[in-house]
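The values are calculated or read from the model by the stated rules, or taken from the named source; none is laboratory data. These numbers come from a predicted model, not from an experiment. Every residue, glycine as well, gets a Cβ built from its backbone with ideal geometry; the counts of neighbours run over all protein chains shown.
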């Protein structure tokens, strides 16, 4: 048996021996020691996983499997969230043989995963401004200091490690590092979000510090309590939105009125302010891609629209109340698509060669993004694809169209993969024989019927 399999088998067998062993009999000291030891073992497993994923990156297994990225491949094949998969890929890229001392300390459980990644990224960042000997000294120094400091303190040390390895030239090099840090902050600016089953979305990301200061300043201006007559009519966002004479008070019930109902915390006020910024973005001024990228499409059946009772569906797959749909339609960039029955879309025209605006809206409502299994690209990032090529007689019709992101659209053009329309009108992808000898159609998870 090869070493990796043997190691993992031993660990799995050892874990199975204690899976039902209660911890209540441990003393407080012993419990603390076992937690530390378990975290050390976990760090070693993280290093092993990062090394294995690093080999997968070198072999381009994600591309060979038809995935748009290593993160998408890892998420789809291992049942991981996109965030968890992205973290593993990032660790695989950060900790490699150029920081072998860090990698070995990580594998031995002497460094936590966060510490190892921090030290590796810091030392790698020094490679262009510090010679090899000084870089190795910095690596050893940070590894030695890691057990003595909390993670925030270690990060502070890492940011100023050049003062340790080269005190005479520290000022010049710190200035260069600051410039590089600003460039890196721009490069690493990200935003990610996910919808929750409880109706509450979660989001996270990275911004350059100065951009974050600008955002928080704007939110604080909107969220500040304004209870005095010194706030004259015509000065607030709420008045701009709701009409002259309305109050700028952000109330606990979500309604702008002259008397505050309930008390909002500082965080809640900033949250309401963020909502106002989002709901009143000038969508007609935003860049266009795929015709309707900046506009939310809401699907609602005729009866619900008439009675105001029931729910509406966003093109992203989310649901909102009929009342919320009506409110947003009054002041936000929201386009309603009215259904007559469960799936018949009314008043959507056809074009002869290219899918027009309304057909793309219909495709977005049906497909909710790229139809490639495991792909999470939204409709705005997708292209309308003729399942049967137009030049071969395929009509520009909803029944012959689907959404594909640019990456998967190009992959489809290689001829290895295919897309068909299933009998129930849902697009499915057929993999090449090297993946499935029987070439059985695969449907995106979001397009499968939901269990009731």
Residues within region 122-146 that are within 27 Å of residue 38 (Cα to Cα), at pLDDT below 90 and either surrounded by fewer than 17 Cβ atoms within 10 Å (Cβ to Cβ) or in contact with a strand residue (DSSP E or B) (Cβ under 7 Å, 6 or more places away or on another chain) (or both), tallied: 0
Which of the residues spanning region 56-70 are surrounded by 11 or more Cβ atoms within 10 Å (Cβ to Cβ) and within 12 Å of residue 93 (Cα to Cα)? 56, 57, 70
Pick out the one residue from 16, 85 that is assigned to a helix (DSSP H, G or I), touching a helix residue (DSSP H, G or I) at 6+ places or on another chain (Cβ under 6 Å) and farther than 30 Å from residue 133 by Cβ. 85
Name the pairs whose Cβ atoms lie under 6 Å apart, with the first residue in region 1-19 and within 17 Å of residue 47 (Cα to Cα), the second surrounded by fewer than 10 Cβ atoms within 10 Å (Cβ to Cβ) and at pLDDT below 90, and 6 or more positions between them or separate chains? none
Only residues in region 24-43 that are in contact (Cβ under 8 Å) with a residue 24 or more places away in the chain count as the first member; pair them with residues that are surrounded by 13 or more Cβ atoms within 10 Å (Cβ to Cβ) and outside any helix (DSSP H, G or I), Cβ under 7 angstrom, at least 6 apart or cross-chain, and list the lot. 39/112; 40/109; 41/109; 43/109; 43/111; 43/112
